[in-house]
Amino acid sequence: MGEEPERLARLVEALDRVVLGRRRELEVVVAALAAGRDLVLEGPPGTGKSTLLRAYAELAGQGFVAVEGTAELTPARLLGHHDPSRVLDEGYTPATFLDGPLLQAMRAGALLYVEEVNRVPEETLNVLVGAMSARRVQVPRLGEVRAAPGFVLAAAMNPFDAVGTARISQAIADRTCRVAMGYQDEATELAVVRQALDQATGGRLEVPETWLTTVLTVVRATRVHPALRSGASVRGAIDLVLVADRLAGVRRRSLLDPEVGRDAALCALSGRVRVDDLGGQSADEIVAAIWDATWAARLADPEGDALAPEPQSAAGAAGPPVLEGAGKALAPGGRGEDPPTHPPGGPPRSRPAAQ
């Protein structure tokens, strides 16, 4: 194996420690970018597209210029513009021109990352066609700008049928390689959540595995619910855990209190999901129903009794739900907590059952 293949193999190994469970995609992305090919990563939000490309640029030692793809991204914003105040004194000269992200990346031989490229207006995408085809663009009152060696475009896009998106033109599609990035399997997403929680809390938060699995089950259920057009990404699971941890402290309750978990789920997930207009249910109703059904299923699972309530004491009072290895998670901040005032399944509610 030569020097270049060895370098790329080491780069893949380093990326594999940053972006979990994506070995196949990492290998293809590294190969495509190393070959100087423009690239589109397609997949739903929260599947690691931005993380992968940023990590690639950092570990490969390549410049990185990011631009957010929106309906307001005009050709002028992408290319740049002349400074009006200087033009009055100096006229239209190269010195008065302020580079936009495309020219910044081209001059530096950097990776230009366009986020959500299928939200960008067609006239702006046409500017990218020239940059991809000939590695040069023509700028009014400035002239031709050629790309330095190393310049490459990498874009991310949501599935074309997501709200506010459109199919990218054939002109763009024909000039780019494509890598699909779907949701990872449950074990990988669990590892991603664990990694993110450690980074967010400095390893302070100890979350019982069974409860964390319940949270992830709820999040993954939103992606296949018939009344939802789209569900929550792994970011929803991370936020749910962090909110629940603080909410348990505010209420001086256990992290395992089902009411704490339900309210954290409503906070973290209801704004992320997209409801089918014909479903007749609100996002809050659907998320609450999924949480209640998942929690009830965990309690009823003969092999998942780690979520079951403790046996009643001699006085007949039931203790709060306990998870194996709960440790510090049962007592945020080390404070004592009051037991729940209702059974683990929560008080009776009239919400519809999960679909």
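Checked against (1) modelled with pLDDT under 95; (2) closer than 19 Å to ARG194 by Cβ; (3) part of a helix (DSSP H, G or I), ALA296 meets all criteria but (2).
When residues in the range 232-248 are screened for being surrounded by 20 or more Cβ atoms within 10 Å (Cβ to Cβ) and in contact with a Cys (Cβ under 6 Å, 6 or more places away or on another chain), 0 of them pass. The residue that is modelled with the lowest pLDDT, among those in the range 170-189 that are in contact with a helix residue (DSSP H, G or I) (Cβ under 6 Å, 6 or more places away or on another chain) and not hydrophobic (A, V, I, L, M, F, W, C), is ARG175. Among residues that are part of a loop (DSSP other than H, G, I, E, B) and touching a helix residue (DSSP H, G or I) at 6+ places or on another chain (Cβ under 8 Å), LEU278 is not included. Annotation: ASP245 fulfils all but one of (1) assigned to a helix (DSSP H, G or I); (2) in contact with a Pro (Cβ under 8 Å, 6 or more places away or on another chain); (3) closer than 21 Å to VAL273 by Cβ; the unmet one is (3). Considering only the range 120-131, state which residues are open to solvent by 20 Å² or more (accessible area, probe 1.4 Å) and in contact (Cβ under 8 Å) with a residue 40 or more places away in the chain. Within the range 120-131, PRO121, GLU122, GLU123, ASN126, VAL127, VAL129 qualify.
Inside the range 190-216, residues that are surrounded by 14 or more Cβ atoms within 10 Å (Cβ to Cβ), free of Cβ contacts under 8 Å to residues at least 60 places away in the same chain and not β-branched (Val, Ile, Thr) make up a count of 7. Taking GLU4 and the conditions (1) surrounded by 17 or more Cβ atoms within 10 Å (Cβ to Cβ); (2) at pLDDT below 95; (3) charged (D, E, K, R), which numbered condition does it fall short on, given that it satisfies the others? Every listed condition holds for GLU4 apart from (1). When the range 76-94 is filtered for residues that are assigned to a helix (DSSP H, G or I) and either surrounded by 15 or more Cβ atoms within 10 Å (Cβ to Cβ) or among the charged types (D, E, K, R) (or both), the ones remaining, listed by number, are ARG77, LEU78, LEU79, ARG86, VAL87, ASP89, GLU90. Given the condition under 30 Å from LEU142 (Cα atoms), part of a helix (DSSP H, G or I) and in contact with an Asp or Glu (Cβ under 8 Å, 6 or more places away or on another chain), answer yes or no: does some residue in the range 61-75 qualify? Within the range 61-75 (the criterion being under 30 Å from LEU142 (Cα atoms), part of a helix (DSSP H, G or I) and in contact with an Asp or Glu (Cβ under 8 Å, 6 or more places away or on another chain)), the answer is yes, since at least one residue qualifies.
Reported count of residues in the range 43-69, each being open to solvent by less than 40 Å² (accessible area, probe 1.4 Å), farther than 21 Å from PRO149 by Cβ and not hydrophobic (A, V, I, L, M, F, W, C), is 8. For the residues LEU98, LEU79, LEU125, the requirement of being touching a Leu at 6+ places or on another chain (Cβ under 7 Å) and over 23 Å from GLY48 (Cα atoms) singles out LEU79.
Residues that are surrounded by 16 or more Cβ atoms within 10 Å (Cβ to Cβ) and outside any helix (DSSP H, G or I) within the range 222-231 comprise HIS225, ALA227, LEU228, SER230, GLY231, listed in sequence order. With respect to ARG77, determine if the residue is over 17 Å from the mean Cα position of the chain (by Cα), of a type outside the set (Val, Ile, Thr) and over 26 Å from SER233 (Cβ atoms). Yes: the conditions hold for ARG77.
Scanning the range 254-275 for residues that are closer than 18 Å to THR210 by Cβ and part of a loop (DSSP other than H, G, I, E, B) returns SER254, LEU255, LEU256, ASP257.
Inside the range 95-119, residues that are among the aliphatic types (A, V, I, L, M), under 18 Å from GLN138 (Cβ atoms) and either modelled with pLDDT under 90 or buried (at least 20 other Cβ atoms within 10 Å of the Cβ) (or both) make up a count of 5.
The values are calculated or read from the model by the stated rules, or taken from the named source; none is laboratory data. Keep in mind that what you see is a predicted model, and the values were worked out from it rather than measured. Please note: Cβ atoms are built from the backbone with ideal geometry, for glycine as well, and neighbour counts cover all protein chains shown. In case anyone asks, the SASA skips ligands and DNA or RNA and just uses the protein heavy atoms, side chains included. Shrake-Rupley method; radii C 1.70, N 1.55, O 1.52, S 1.80 Å.
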